[in-house]
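Enquirer: Pasting a structure here, questions to come.
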Amino acid sequence: MLLSLGDVRSDIHMNNQFVTTPENLRATERLVREHLNITASGEIDAVEANVTSDYFNHRSADEPMETRQHGPEGLRATIRWLHRAFTEMRFEFHEVLIVGDRAVARVTLHARQHGPFVVHDSPDGRVTDAFPSNGRAFAVPQTHWFRIAEGAIAEHDAVRDDLGMARQLGWIPPKPIYIIRMLLTRRRERREQRRNTNTSSRSQRNNA
């Protein structure tokens with residue numbers, strides 16, 4: 001029987017050192033599976049119990065600024081960003097390996113694009129690219145890396161086949177009509193980002 005999250009938080013460490021027991025191995029694997037399943041299902045309310053208060057996703061550098069913050073809210077923002085672009089998301093688990101406070105999950109991500117995939121590959125979170133949907137599905141291999149602290153996910157990193165995803169979704173090689181759609185989508189997303197920034201700035205001035 002798997003431990004509850006409360007049991008994991010209290011028992012997985014002893015004297016500030018990681019303790020490896022069969023129960024902790026099972027509990028860590030459950031945390032890893034929960035983390036990816038929460039991401040796929042979009043269960044925002046389940047995030048709090050899965051990650052630490054200072055959780056950080058090292059793959060957030062090309063995501064919106066709100067995803068780059070530490071803690072549960074950063075993961076919630078990543079989930080919202082992903083689900084804006086993809087639906088029918090699920091992770092097919094092939095292997096989960098655990099060594100001490102580290103875990104690795106080898107998976108295949110299955111999903112269908114139903115909205116724009118917007119890239120924010122800039123230090124200030126500015127929209128740099130936008131890939132409109134062709135309504136296609138994809139399945140790509142990924143490897144996710146985790147650090148566990150006090151019974152929750154403290155850090156996440158990943159190696160993803162983004163090139164394979166882009167090919168399956170029809171982003172590359174780009175056809176002329178798709179390039180036009182990309183440019184129009186990027187312009188719309190940048191305009192929306194500026195509008196939201198201006199609205200936020202006015203709200204902050206009014207509340208000052």
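Enquirer: Please state which one of ALA137, ALA154, ALA105 is buried (at least 19 other Cβ atoms within 10 Å of the Cβ), under 19 Å from the mean Cα position of the chain (by Cα) and among the hydrophobic types (A, V, I, L, M, F, W, C).
Expert: ALA105
Enquirer: Which of the residues spanning segment 16-67 are in a loop (DSSP other than H, G, I, E, B) and not aliphatic (A, V, I, L, M)?
Expert: Listed by number, the residues that qualify are ASN16, THR20, THR21, GLY42, GLU43, GLU48, ASN50, HIS58, ARG59, GLU63, PRO64.
Enquirer: Starting from residues that are surrounded by fewer than 17 Cβ atoms within 10 Å (Cβ to Cβ) and not small (Gly, Ala, Ser), keep the ones in segment 108-118 and report whichever is farthest from ASN37 (Cα to Cα).
Expert: The extreme case among them is HIS114.
Enquirer: Which condition number does GLU73 fail, the rest of (1) without any contact (Cβ under 8 Å) to a residue 24 or more places away in the chain; (2) of a type in the set (D, E, K, R); (3) closer than 16 Å to ASP157 by Cα being met?
Expert: The one condition GLU73 does not meet is (3).
Enquirer: Could you please tell me which pairs satisfy a Cβ distance under 6 Å, a separation of 6+ or placement on different chains, a first residue in segment 164-193 that is closer than 12 Å to PHE138 by Cβ, and a second residue that is among the basic types (Lys, Arg)?
Expert: Pairs that qualify, where the first residue is closer than 12 Å to PHE138 by Cβ and the partner is among the basic types (Lys, Arg), are LEU169/ARG136; GLY170/ARG136.
Enquirer: Also, quick follow-up: Report yes if ALA158 is in a strand (DSSP E or B) and modelled with pLDDT of 95 or more, otherwise no.
Expert: Spelling it out, ALA158 is indeed in a strand (DSSP E or B) and modelled with pLDDT of 95 or more.
Enquirer: Report yes if some residue within segment 51-64 is within 22 Å of ALA149 (Cβ to Cβ), free of Cβ contacts under 8 Å to residues at least 40 places away in the same chain and either crowded, with 20+ Cβ neighbours inside 10 Å or in contact with a Phe, Trp or Tyr (Cβ under 7 Å, 6 or more places away or on another chain) (or both); otherwise report no.
Expert: yes
The values are calculated or read from the model by the stated rules, or taken from the named source; none is laboratory data. Remember, predicted model here, so these are calculated numbers, not experimental data. Positions of Cβ are generated from backbone atoms using ideal geometry, with glycine treated the same way; all protein chains shown enter the neighbour counts.
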